[in-house]
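Just below is one structure, and these are the notes that go with it.
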Amino acid sequence: AKLLVVTTNGARSSKPWLFRCNLDGSGCNHSDISAGQGAYSGSDPSAVIDTANAKLLVVTRNDGNSYKPSLFRCNLDGSAPEYFDISAGTIKNDYYPDLALDAANRRLY
């Protein structure tokens, strides 16, 4: 078991970042999960674990892309990050994203 912490890494251009530690706080490492997105792509992250697929799902407000909501998906160790624009064509969304997973119905909210 690991402690997973998703944050905006201000020291790394405010990109979404994953810190992974042992449950006692030792043995930490970190990963850039921005999947190539630019600076300020990790504002106000909200995360859930998709246990069925062993993935970490993170939604952010992507300030570097017109404040659009963005979804980042990666393995639980931070590897293989992927990016998805989930703005549905909207322009500038000034909001704070929140993510919920309905595993039974396979839906994100």
*asked:* Sort S79, S87 by heavy-atom solvent-accessible area, probe 1.4 angstrom, most to least.
replied: S79, S87
*To the nearest 20 debye, what charge dipole does the chain have about its Cα centre, counting +1 at the Cβ of each Lys and Arg and -1 at the Cβ of each Asp and Glu?*
100
*Are there cysteines in the chain with no other Cys C-beta under 4.7 Å, and if so, which?*
C74
*Regarding the range 1-76, what whole-number volume in Å³ per residue does the convex hull of its Cα atoms give?*
80
_Amide H partners (placed H, <5 Å) of S14, local residues excluded_ = N9, Y40
*Report the full-extension gain for the segment K2 to I91: residue separation times 0.36 nm, less the Cα-Cα distance, to one decimal in nm.*
28.3 nm
_10 Å binning of all Cα-Cα separations within the range 28-109, expressed as whole percents from 0 upward_ = 19, 51, 27, 3
*Find how much the distance from R106 to S13 grows on full extension, using 0.36 nm per residue of separation minus their present alpha carbon separation; answer in nm with one decimal.*
30.2 nm
*Percentage relative contact order, the chain, counting C-alpha pairs under 8 Å, at least six apart*: 20
_Check which residues have an amide H placed less than 5 Å from I33's amide H, if you skip close sequence neighbours._
W17, L18
_Residue with peak Gaussian network fluctuation, the chain [Cα springs, cutoff 10 Å], from G36, G25, G64_ = G25
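The values are calculated or read from the model by the stated rules, or taken from the named source; none is laboratory data. If you're wondering where the values come from, they're calculated on a predicted model, not measured in any experiment. Quick reminder, even Gly has a Cβ in these numbers, built from the backbone with ideal geometry, and neighbours come from all protein chains shown. For accessibility, only protein heavy atoms count, side chains too; no ligands or nucleic acids. Shrake-Rupley method; radii C 1.70, N 1.55, O 1.52, S 1.80 Å.
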